[in-house]
Amino acid sequence: MKIHPWFCRLPTLLVVAFGLAVGTSFPASADNVQVESGPLSDAILQGQKLFMSEKFGGNGKTCNSCHPDGGKSGSALPDGRKIPALHNAAAIFPRYHPRKDRIFTLSDQVRHCIGEIKGKPPEYASAELNAIVSYVSSLSEGQTIDLGGLPK
Ligand code: HEC
């Protein structure tokens, strides 16, 4: 049986059409993540800016001072305690916090870090906290969910 040439090319056409659709409706927002442009990508971008800003009054410190490369790298505190990179954070929260003896969400952790530098943490459910959490979560794109897992 002779197969119609148009039919033969159908799979290629579908792949090209899909590629164009994805390419046009999912422009890059923050460096590493592809989210459909709209309120969520706006929040991620706002969070990325906050990550680099001294807005929280942490004595000149920013999130990036301790979690460099926009959170993609870790560092260490003066006492040698490890500061984790954040590319895994959204995949391992919520997690149990033994010292506080309660479940810690990503929002709790972000507010805790700001408290550590004597800054003023944004309120729960505020646009600012949600933006930072959206940005930090965007770093976990592609990571396997491992609730309660260990920082990297
Ligand atoms: C003075 C250094 C310092 C600053 C500034 C800081 N952090 Fe942290 N961060 C830490 C340390 C240390 C940890 C490890 C857990 C702990 O001790 O609370 C941590 C843990 C985290 C985690 C959990 C990561 C994981 O994989 O378990 C997140 C998320 C986080 N920080 C976000 C932020 C954000 C967002 C900011 C800015 C608002 C910030 N941090 C500012 C030191 C800092």
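Worth a mention:
- Positions within region 116-131 being within 10 Å of the ligand (Cβ to nearest atom), acidic (Asp, Glu) and modelled with pLDDT of 95 or more, in sequence order: 128
- Filtered residue count, region 69-86, keeping only those that are in a loop (DSSP other than H, G, I, E, B), within 8 Å of the ligand (Cβ to nearest atom) and in contact (Cβ under 8 Å) with a residue 60 or more places away in the chain: 2
- Yes/no for residue 104 being under 13 Å from the mean Cα position of the chain (by Cα) and either aromatic (Phe, Trp, Tyr) or modelled with pLDDT of 95 or more (or both): no
- Filter result (more than 19 Å from residue 141 (Cβ to Cβ) and surrounded by fewer than 15 Cβ atoms within 10 Å (Cβ to Cβ)) within region 69-93: 75, 76, 77, 78, 79, 80, 81, 82
- Residue tally, condition in a helix (DSSP H, G or I) and more than 10 Å from the ligand (Cβ to nearest atom), over region 38-66: 10
- Note on region 94-109: residues that are touching a residue at least 40 places away in the same chain (Cβ under 8 Å), more than 8 Å from the ligand (Cβ to nearest atom) and surrounded by 13 or more Cβ atoms within 10 Å (Cβ to Cβ) total 1.
The values are calculated or read from the model by the stated rules, or taken from the named source; none is laboratory data. Everything numeric in this text was worked out from a predicted model, so none of it was measured. Because the Cβ atoms are built from the backbone with ideal geometry, glycine has one as well, and the counts that use them run over all protein chains shown.
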